[in-house]
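The values are calculated or read from the model by the stated rules, or taken from the named source; none is laboratory data. Bear in mind that the values here come from a model prediction, so they are computed numbers and not experimental data. Here the Cβ positions follow ideal geometry from the backbone for every residue, glycine too, while neighbour counts run over all protein chains shown. All accessible areas refer to the heavy atoms of the entire protein, side chains included, with ligands and DNA or RNA removed. Shrake-Rupley method; radii C 1.70, N 1.55, O 1.52, S 1.80 Å.
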Amino acid sequence: MRRLSILSCLSILISSHVIATTFHITVVTAMDAEQINRGKSFAGIQTKIERPVHRAIDLALSESSTSFRAFNIDPELQRIDLNTEKPIAQQLRSIHPNAFVILDLPKTVFIEAAKLLSEAGRVVINTRHPDTDLRDSLCLPMLYHTIPSQRMYFDALGQFLIYRNWRKVLIVHGPTDEDRDRVRVLEQSLKKFGADISDIREFTLSHHPDDRDKNKPEFLTGGASYDVVAVVDSVRDFGRYIPYSTRRARPVVGDVGLVPVTWHRTLERYGAPQLNERYQIFDGEDLFPASESMSDSEFSAWSAIKLITNSLPIADLTSDVLDPRQILKDPDAQVDLYKGTRGSIRRWNHQLRQPILLTTGDAVIAVAPMPKFLHPKHYTDTLGFDEKESPCRLN
Amino acid sequence: MTIRQHTPLDLLRVLLMAMAFATASVAYSFEALISNERSGDLIHINPQGKTTHVVRICNRPRGMTKGATESDAVIACSDDNMIVVYDRSKRVITSSIESVPGAMNVSFHPTTGRIIVTNEGIAQASVYELDTGRLLAKLPTGLEPDGVVITNDGQTIFVASENAGLVHVFDGTSYQSKGLIRTNLRPRRIALLDQELWVSSEMGSRVEIFHVETLEKLDEVIFAPKGFRPEQMTPVDILFNPSANEAYVALGSANHVAVVDINSREITKYILVGRRAWGLGLSPDGKVLAVLNGLSDDFTFIDLDTKRPLLTKRAGLIPHSIEVFK
């Protein structure tokens, strides 16, 4: 342990209650169901970072240790790695009734586990899937989302394009169902902010000359008038070859080029460099090595823990077990996200509201909401489904 | 006569501006020092807002406070892990304390000659004898300690931990912890007003007021200038002007300074300044408020009689702290 070891030497006088309140956290993974190298189909190399969120959770808990001492909280971390060959209900049975359950699972297993746990009254946190259906149609009363929705990401992009006055958009997308679903969300976002779609074109995973209109970036982006190319390529596969190969000299945005994310290693304000440094030097036990910074899933897992830590002033600490339901229901639950604006929960679909960063590989170009995109109530509520648009009504 | 073409209101405006300018150029006499975090220099500013000297000082100068004499400024050099004492009349560093990890903010206690420094990266504040550079104590805090103050009698030290949402309270003699104040999100700066401790909560968008002895929360001031959403208020520096019964709070991303009545704790005025207003300084006669705008690399002088900005001028890169001397 390096710098963070100082925390463990701290001794702080606690005057309030004597018996500590236990904060149960459970992290559920299913390593056997993970498809590593999802981006291999065309490129043959791994192009998308997907790490378990353990490291970010351990960091968040370590960061919170001073607050936990101040509020006399005793964190208790449980890890469950599911065997998806067997029924999962049995494997989730050991979860404490008041646990704060972070599900780091592939989508199908995620939905199954989230339903089971929500029905049993457990608080379930989605730190991984931006998919809009989890917010709009699944809409479970106990399910909370700290990772931004796809709509929030694309709304940030839509605002940026309008702000830049790049209004004519050519959409190029991959061949999967996920890609097509995300194109629909992108269309909604662009429409919402008043951009025009020049055309929507699908990339074909082949090298054959007969397919050149669909597999060569120069042809795929030819014969259309546009200010910008938006690429939807969920597995980060062909999209990498679009920039610098478009028929017209136009910027590329979306899954490559200018990418909307929730966290980035080069955010240099709002205390972000300190958080990135802590992540890089943090070494707990049995952890994966740090890459340059937290992935969006890791940041969302970190945010989930910090949402509880930062909301301890409103927590009921009279019981010997912390009830995360009580905190999450409180409209004053809030979290310092190191992004210049605090995060809080949207009552209608349990989405954590937050700014979105528009980034390239080595810079944060803008932080959305963009200037002049104003919401009457919450600064960040121009990103994602607003109360009136949301089919999910949990409030 | 061209003046006949203007309406009486225009004439009045011109006259008022002329009066304001006359006051600015005649009545004020002071020198301000600004530490510029990114350009690594100090700039000397005269009452007209003119930069008279640019002095290269160290890597990442941030917190600054007045030292033992009216010509001394004590400056935290974060990336050099160092505290320096700067003589503004000679424009040289007269002494320094080395191996002060991540020195971020600094507070000076004149009667005992001690400084308290927050050590940003290592969750600690430290106490030094300024004259000798002797380390007197290390005070453990939560992560990202920033604002630090010591009471006039030297008996109590307060240190804000941004990450933990706490103000740590230490005995000023034994250096033992004597309590904790739970604050709203991201406590940044602390200011003392008699028995009151004002703490800015940057992400909580408010200033909370606590009792210095009992540590009980007395009140809070929540900001809401027209046209902004609550979470856009990111207050940082707090400054008192007791002769005017006023407190000033720099509202960060809201690009305003709030004027708060010290007695009623009501907000009486919001004044528009530059981008991410954070550092504040007051002229010795209490007539001019200086505001550092961290994202627009400039500073604004505000006339406190009229509560109107007098001028905005260029600073160095990322102006961090300001001290105004006689």
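Residue count for region B:134-152, restricted to those that are without any contact (Cβ under 8 Å) to a residue 40 or more places away in the chain, open to solvent by 20 Å² or more (accessible area, probe 1.4 Å) and away from every other protein chain (no Cβ under 12 Å): 3. Note on region A:58-89: among residues that are small (Gly, Ala, Ser) and open to solvent by 20 Å² or more (accessible area, probe 1.4 Å), the one that is farthest from the other protein chains (Cβ to nearest Cβ) is A:ALA89. Within region B:175-195, the set of residues being farther than 25 Å from B:LEU135 by Cβ, within 10 Å of another protein chain (Cβ to nearest Cβ) and among the polar types (S, T, N, Q) comprises B:THR183, B:ASN184.
In contact with a Pro (Cβ under 9 Å, 6 or more places away or on another chain) and facing chain A (nearest Cβ under 10 Å): is that true of B:ILE267 in this structure? When the stated conditions are applied, B:ILE267 does not pass them.
When the residues of region B:291-317 are filtered to those that are charged (D, E, K, R) and open to solvent by 70 Å² or more (accessible area, probe 1.4 Å), the one that is farthest from B:ASN241 (Cα to Cα) is B:ARG314. Within this structure, A:ILE327 fails the test of being under 25 Å from A:ARG79 (Cα atoms) and under 19 Å from the mean Cα position of the chain (by Cα).
Candidates in region A:249-285 are the residues that are among the hydroxyl-bearing types (Ser, Thr, Tyr) and assigned to a loop (DSSP other than H, G, I, E, B); of these, the one that is surrounded by the fewest Cβ atoms within 10 Å (Cβ to Cβ) is A:THR266. Residues that are crowded, with 24+ Cβ neighbours inside 10 Å, part of a strand (DSSP E or B) and in contact (Cβ under 8 Å) with a residue 40 or more places away in the chain: does region B:211-230 have at least one? Looking through region B:211-230, none of the residues is crowded, with 24+ Cβ neighbours inside 10 Å, part of a strand (DSSP E or B) and in contact (Cβ under 8 Å) with a residue 40 or more places away in the chain. Just a yes or no: is a residue in region A:225-235 farther than 26 Å from A:GLY361 by Cα and open to solvent by 60 Å² or more (accessible area, probe 1.4 Å)? Checking region A:225-235: not a single residue is farther than 26 Å from A:GLY361 by Cα and open to solvent by 60 Å² or more (accessible area, probe 1.4 Å).
Conditions tested, residue by residue: (1) away from chain B (no Cβ under 14 Å); (2) touching a helix residue (DSSP H, G or I) at 6+ places or on another chain (Cβ under 6 Å); (3) surrounded by 20 or more Cβ atoms within 10 Å (Cβ to Cβ); (4) at pLDDT 95 or above.
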{"site": "A:THR22", "(1), (2), (3), (4)": "yes, no, no, yes"}
{"site": "A:THR26", "(1), (2), (3), (4)": "yes, no, yes, yes"}
{"site": "A:ALA33", "(1), (2), (3), (4)": "yes, yes, no, no"}
{"site": "A:LYS40", "(1), (2), (3), (4)": "yes, no, no, no"}
{"site": "A:GLY44", "(1), (2), (3), (4)": "yes, no, no, no"}
{"site": "A:GLN91", "(1), (2), (3), (4)": "yes, no, no, yes"}
{"site": "A:HIS96", "(1), (2), (3), (4)": "yes, no, no, yes"}
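Filtering region B:158-174 to residues that are more than 10 Å from chain A (Cβ to nearest Cβ) and either among the β-branched types (Val, Ile, Thr) or more than 20 Å from the chain's Cα centre (by Cα) (or both) leaves B:VAL159, B:VAL167, B:PHE170, B:ASP171, B:GLY172, B:THR173, B:SER174. Would you confirm whether or not region A:341-358 contains a residue that is touching a His at 6+ places or on another chain (Cβ under 8 Å) and among the hydrophobic types (A, V, I, L, M, F, W, C)? Yes, the conditions are met somewhere in region A:341-358. Select from region A:300-345 the residues that are within 13 Å of chain B (Cβ to nearest Cβ) and of a type in the set (D, E, K, R) and write down the one among them that is surrounded by the fewest Cβ atoms within 10 Å (Cβ to Cβ). The residue in question is A:ASP332.
Matching residues to (1) among the polar types (S, T, N, Q); (2) in contact with a strand residue (DSSP E or B) (Cβ under 8 Å, 6 or more places away or on another chain); (3) free of Cβ contacts under 8 Å to residues at least 60 places away in the same chain; (4) open to solvent by 20 Å² or more (accessible area, probe 1.4 Å):
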position: A:VAL183; (1), (2), (3), (4): no, yes, yes, no
position: A:GLU187; (1), (2), (3), (4): no, yes, yes, yes
position: A:LEU190; (1), (2), (3), (4): no, yes, yes, no
position: A:ILE197; (1), (2), (3), (4): no, yes, yes, yes
position: A:ILE200; (1), (2), (3), (4): no, yes, yes, yes
position: A:ASP211; (1), (2), (3), (4): no, no, yes, yes
position: A:GLU218; (1), (2), (3), (4): no, no, yes, yes
position: A:THR221; (1), (2), (3), (4): yes, yes, yes, no
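If you take the residues of region B:157-178 that are assigned to a strand (DSSP E or B) and open to solvent by 10 Å² or more (accessible area, probe 1.4 Å), which of them is farthest from B:GLY102 (Cα to Cα)? Here the answer is B:LYS178.
Checked against (1) more than 16 Å from the chain's Cα centre (by Cα); (2) within 25 Å of A:GLU50 (Cα to Cα), A:ALA120 meets all criteria but (2).
The residue of region B:196-210 that is farthest from the other protein chains (Cβ to nearest Cβ), among those that are crowded, with 18+ Cβ neighbours inside 10 Å and of a type outside the set (A, V, I, L, M, F, W, C), is B:SER200.
Identify, from the list A:ARG212, A:ARG184, A:ARG180, the residue that is in a helix (DSSP H, G or I) and over 18 Å from A:VAL235 (Cα atoms). Criteria check complete, one pass: A:ARG212.
Residue-wise test of (1) in contact with a helix residue (DSSP H, G or I) (Cβ under 7 Å, 6 or more places away or on another chain); (2) small (Gly, Ala, Ser); (3) modelled with pLDDT of 95 or more; (4) not assigned by TED's automatic domain parsing to the domain that holds A:SER198.
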| site | (1), (2), (3), (4) |
| --- | --- |
| A:GLU218 | no, no, no, no |
| A:VAL252 | no, no, yes, no |
| A:GLU277 | no, no, no, yes |
| A:SER300 | no, yes, yes, yes |
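Can you say whether A:SER297 is part of a loop (DSSP other than H, G, I, E, B), more than 12 Å from chain B (Cβ to nearest Cβ) and touching a residue at least 60 places away in the same chain (Cβ under 8 Å), as far as the supplied structure shows? No; evaluated as a whole, the condition is false for this residue.
If you go through region B:263-284 and keep only what is surrounded by fewer than 17 Cβ atoms within 10 Å (Cβ to Cβ) and within 17 Å of the chain's Cα centre (by Cα), you end up with B:ARG275, B:PRO284. Strands (runs of 3 or more DSSP E) fully within region B:62-125 that include at least 3 residues being in contact (Cβ under 8 Å) with a residue 12 or more places away in the chain and either acidic (Asp, Glu) or more than 16 Å from B:ILE190 (Cα to Cα) (or both): B:72-77, B:82-87, B:92-97. A single entry from A:THR108, A:THR204 fulfils the requirement of being open to solvent by 30 Å² or more (accessible area, probe 1.4 Å) and touching an Asp or Glu at 6+ places or on another chain (Cβ under 6 Å): A:THR204. Given the conditions (1) assigned to a strand (DSSP E or B); (2) without any contact (Cβ under 8 Å) to a residue 24 or more places away in the chain, which single one is not true for A:LEU357? Answer for A:LEU357: the failing condition is (2). What number of residues in region A:368-385 are open to solvent by 40 Å² or more (accessible area, probe 1.4 Å) and without any contact (Cβ under 8 Å) to a residue 40 or more places away in the chain? So the answer is 5.
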